[in-house]
Amino acid sequence: MDALVKHASALAELNGHFLGMPPVAALQPEILEWHDGLLRLRAPLAANVNDKGCAFGGSMVSLMTIAAWGLVSLVLADAGASAEVYVADSQVRYLKPVFQDIEVEAKFDDDGDRLTLAETLSRQGRAGARLRARTLLVDGAVAATFSGRFVAIGKS
């Protein structure tokens, strides 16, 4: 299969998975880009606004979590691996309010984990990795940070 077709297919599958979960669909996430171990998502402020007129913290942490989860899922799918991916633990820090559409990006803490994830899964039946995500403002400032440990368990 052509790499671009495979890439588009993996993104479409991930988007369908997002929209198949009612709480995630309510966020109205949009995949902006995926390349070189980075996944970026956006969601409209109007669907995620709180009583202060800024982005709801729960929406920001949810988007950062699904961006990291989605990145693990994409890396495994790209390698042809079949697994269930779970968040094992996470930590979030809110730094600034967000008065715009929410944009998040996720990446692996260690790119080596990204490169060996599928191999470890194949060899051991499970694999784990730490990822980081952040919510970005238009001016490039960081509004929130997320760090989490994700576990992939092979499907039999």
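Assorted remarks:
- Boolean, V72 is surrounded by 18 or more Cβ atoms within 10 Å (Cβ to Cβ), of a type in the set (A, V, I, L, M, F, W, C) and touching a Phe, Trp or Tyr at 6+ places or on another chain (Cβ under 6 Å): yes
- Residue list for segment 86-113, filter: out of contact with any helix residue (DSSP H, G or I) (no Cβ under 9 Å at 6 or more places or on another chain), closer than 16 Å to M64 by Cβ and either crowded, with 19+ Cβ neighbours inside 10 Å or of a type in the set (G, A, S) (or both): A88
- For segment 114-156, a residue qualifies if it is in a strand (DSSP E or B) and buried (at least 20 other Cβ atoms within 10 Å of the Cβ), and the qualifying residues are A127, A129, L131, A133, R134, T135, A143, A144, F146, G148, F150, A152.
- Test: residue in segment 87-94 that is over 18 Å from A152 (Cα atoms), hydroxyl-bearing (S, T, Y) and more than 16 Å from the chain's Cα centre (by Cα): yes
- Some residue of segment 43-58 being of a type outside the set (S, T, Y), under 14 Å from the mean Cα position of the chain (by Cα) and within 24 Å of D113 (Cβ to Cβ): no
- Every condition in (1) surrounded by fewer than 16 Cβ atoms within 10 Å (Cβ to Cβ); (2) closer than 13 Å to A133 by Cα is met by G58 except one, and the failing one is (2).
- Among the residues of segment 25-43, those identified as modelled with pLDDT of 95 or more and out of contact with any strand residue (DSSP E or B) (no Cβ under 8 Å at 6 or more places or on another chain) are A25, A26.
- Those strands (runs of 3 or more DSSP E) lying entirely in segment 1-108 with at least 3 residues touching a residue at least 60 places away in the same chain (Cβ under 8 Å): 38-43, 83-94, 102-108
The values are calculated or read from the model by the stated rules, or taken from the named source; none is laboratory data. Computed from a predicted model, the values in this text were never measured in an experiment. Positions of Cβ are generated from backbone atoms using ideal geometry, with glycine treated the same way; all protein chains shown enter the neighbour counts.
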